[in-house]
1. In what order do Met130, Met53 fall by count of nearby beta-carbon atoms within 10 Å, going from fewest to most?
2. Treat each spin label as a single point 7 Å out from the Cα along the C-beta direction, and report the Glu115 to Arg71 distance in nm.
3. Under the 0.36 nm per residue contour assumption, what length would be gained going from the current alpha-carbon distance of Thr2 and Met123 to full extension?
4. Estimate the FRET efficiency between Glu104 and Leu84 by the formula 1/(1 + (r/R0)^6), using the beta-carbon distance for r and 22 Å for R0, to the nearest 0.05.
5. Which distance in nm do the two modelled labels at Arg42 and Thr137 give, with both placed 7 Å along the Cα-to-Cβ direction?
6. What fraction, in whole percent, of alpha-carbon pairs in region 1-137 exceed 25 Å separation?
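Quick note: the coordinates plus some simple rules give every number you see, no bench work behind them. All values reported here derive from a predicted model rather than from experimental measurement. All Cβ positions, even for glycine, are placed from backbone atoms using ideal geometry, and neighbour counts span all protein chains on display.
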Amino acid sequence: MTPERFSTLFHSALDHLHVGYQVVDFDWHYIYVNPAAAAQGRRTVAELQGKSMLDLYPGIEATAMFRVLERCMNDRVADEFDNLFSYLGGESRWFEIRVEPVAEGICIYSNDIHERKLWQLEMEERARTMGVPLPLTAQQWRSFVSGDFFTES
């Protein structure tokens with residue numbers, strides 16, 4: 001396979017992912033953005049490609065999410081976290097974010113987990129109202145959700 005053919009196949013695969021995938025350079029410009037990542041930010045690929053994250057999302061540098069991105073960029077470390085992204089109109093959505101350092105800057109993987117996160121928060125609130133100490137292990141969560149909750153002695 002030629003390098004050109006490989007590059008075409010690689011970009012096609014990234015462009016068809018249902019999860020967001022973006023590469024941001026050391027000056028916070030979008031080098032690559034797939035359509036899913038653009039849609040998650042309620043933008044088009046053309047609106048993002050080559051543009052500055054700081055210019056497109058004013059105030060982003062004051063967010064906890066940006067502090068994690070900045071640490072990953074500067075310290076060349078990976079991280080993952082859940083982030084409640086707030087849109088300009090006041091709406092918000094939960095995303096699972098994974099950040100990896102790459103030669104060009106950082107790669108950001110984003111997956112919309114909004115429904116799952118709302119369910120998780122509801123279950124945590126139910127557990128609190130029942131006096132269940134949090135956090136629970138994975139096995140305890142399965143038991144709690146199934147209604148067959150137990151507490152470890």
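1. Met130, Met53
2. Each label point lies 7 Å from its Cα, and together they span 3.2 nm.
3. In short, 38.4 nm is gained.
4. Efficiency, rounded to the nearest 0.05: 0.20.
5. Those two pseudo-labels are separated by 4.3 nm.
6. For region 1-137, the share of Cα pairs beyond 25 Å comes to 33 percent.
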